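Report on the following structure.
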Amino acid sequence: MGVSEDLAAADFAAALERLGGDQVLLQEIAGLFLDQYEDLLGRIRQAIAAADGAELERSAHVLKGAVANFGAERAAEAAFRLEKAGRERAWHGVETAFRELEAVVEKLTAELEAFLGRSR
């Protein structure tokens, strides 16, 4: 399953609702995510390469929580698949799942950068 260009990766209305309408807090959380997501993806990539189930589960869980802040259901679902694979030490299909996660996180980061008024 590819990432459709016509579907938003983030749901800012839902994210703002969860934060009681605090747009400044949402901006702070978005900035922190943009500063940290590459490290999390790198940790997931390394865990897959090393067949380290515990680290894959842990890193994917952290990323899942981070993207959930933005109502990013597709990213959260992709991270959950990797979290589950790590927990179950099920390596079949993790490369594909990781590519899907990367694609949707890339779209999410573009949306967050636009939300913050940052240019790429």
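The values are calculated or read from the model by the stated rules, or taken from the named source; none is laboratory data. Quantities reported herein were computed from a predicted structural model and do not represent experimental measurements. Cβ coordinates were reconstructed from backbone atoms using ideal geometry, including for glycine residues, and neighbour counts include every protein chain displayed.
A few remarks follow.
- Any hit, the stretch 26-39, residues being more than 19 Å from GLY117 (Cα to Cα), out of contact with any strand residue (DSSP E or B) (no Cβ under 7 Å at 6 or more places or on another chain) and at pLDDT 95 or above: yes
- Where a residue in the stretch 29-50 is more than 19 Å from THR96 (Cα to Cα) and its partner, wherever it lies, is polar (S, T, N, Q), with Cβ under 6 Å and at least six apart: ILE29/ASN69
- Sub-6 Å Cβ pairs linking a first residue in the stretch 87-106 that is in a loop (DSSP other than H, G, I, E, B) to a second residue that is surrounded by 13 or more Cβ atoms within 10 Å (Cβ to Cβ), at least 6 apart or interchain, are ARG89/GLY53, ordered by first then second residue.
- Lone qualifier among ARG58, ARG74, ARG43 - being crowded, with 16+ Cβ neighbours inside 10 Å, part of a helix (DSSP H, G or I), among the basic types (Lys, Arg) and modelled with pLDDT under 95: ARG74
- Some residue of the stretch 82-96 being under 28 Å from LEU116 (Cα atoms), at pLDDT 95 or above and either touching a helix residue (DSSP H, G or I) at 6+ places or on another chain (Cβ under 6 Å) or of a type in the set (Gly, Ala, Ser) (or both): no
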